[in-house]
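Just below is one structure, and these are the notes that go with it.
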Amino acid sequence: MSRNFASIGDFVRFMSRQVATLPAAQRHALAEGAEIVLEEAKSYPGEYQTGWPALAEATKDRRAAAGHAPDEPLKVTGELQASYRSKVSDAHHAAVGSDNDKALWQELGTATIPRRPVLALAGSTKEAEVVRTIGHVIARHMVGGSNA
């Protein structure tokens, strides 16, 4: 978007308005970035990701006996997948996570559950896209474009 200002004063007033509304644009940018990571994370359950170990044969047998697909890692009922959420707490902080204990156990692993990271993998996979998206939202805002 190209703007012509009649004076330095007009430019200063324009930029003052943009700076005053910057926190809202930052929250919007963070929300878009968090949504990118969230959607990626939600796509992982049910499909093996790079570095994930295969399910144990006993786990596959138990799943099949219960009427579930035997070889869909991290996906039985969809409860884990549905538990992932994003939240923007202020103009500088956003988070993607889950309050489901199983998500933590899978992310970090336990003595009996091998590590199958979802959030760390989604964040690293989508990092460049998130940075680009946040930059575009803030840049649009600063030149007077829409940010919502």
Quiz item: Checking Glu127 against (1) of a type in the set (D, E, K, R); (2) in contact (Cβ under 8 Å) with a residue 12 or more places away in the chain; (3) surrounded by fewer than 17 Cβ atoms within 10 Å (Cβ to Cβ), which test does it fail?
Solution: (2)
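For every residue, the table says whether it meets (1) of a type in the set (A, V, I, L, M, F, W, C); (2) touching a Leu at 6+ places or on another chain (Cβ under 8 Å).
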site: Val12; (1), (2): yes, no
site: Met15; (1), (2): yes, no
site: Thr59; (1), (2): no, no
site: Asp71; (1), (2): no, yes
site: Leu74; (1), (2): yes, yes
site: Ala95; (1), (2): yes, no
Quiz item: Any idea which of (1) modelled with pLDDT of 95 or more; (2) over 20 Å from Tyr48 (Cβ atoms); (3) open to solvent by less than 40 Å² (accessible area, probe 1.4 Å) is the one Gly109 doesn't satisfy?
Solution: (2)
Quiz item: Which residue, of Ala69, Ala54, is farther than 26 Å from Ala31 by Cα and open to solvent by less than 60 Å² (accessible area, probe 1.4 Å)?
Solution: Ala69
Practice problem: Output the residue which, of all residues in region 1-20 that are of a type in the set (A, V, I, L, M, F, W, C) and assigned to a helix (DSSP H, G or I), is surrounded by the most Cβ atoms within 10 Å (Cβ to Cβ). | Solution: Phe14
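Against the definition (among the polar types (S, T, N, Q) and open to solvent by less than 60 Å² (accessible area, probe 1.4 Å)), how does Thr59 come out, yes or no?
yes
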Exercise. Looking only at region 36-51, count how many residues are surrounded by 12 or more Cβ atoms within 10 Å (Cβ to Cβ) and in contact with an Asp or Glu (Cβ under 8 Å, 6 or more places away or on another chain).
Key: 3
Practice problem: Scan (1) small (Gly, Ala, Ser); (2) loosely packed, with under 14 Cβ neighbours inside 10 Å; (3) over 16 Å from Gln49 (Cβ atoms) for the single condition Gly97 breaks and write down its number. | Solution: (2)
Quiz item: Of the conditions (1) closer than 24 Å to Ala139 by Cβ; (2) touching a residue at least 40 places away in the same chain (Cβ under 8 Å); (3) charged (D, E, K, R), Glu39 fails just one. Which one is it?
Solution: (2)
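The values are calculated or read from the model by the stated rules, or taken from the named source; none is laboratory data. Predicted model only: the values in this text are computed from it and were never measured. Positions of Cβ are generated from backbone atoms using ideal geometry, with glycine treated the same way; all protein chains shown enter the neighbour counts. When the accessible area is computed, the model is the full protein with side chains, heavy atoms only, and any ligands, DNA or RNA have been set aside. Shrake-Rupley method; radii C 1.70, N 1.55, O 1.52, S 1.80 Å.
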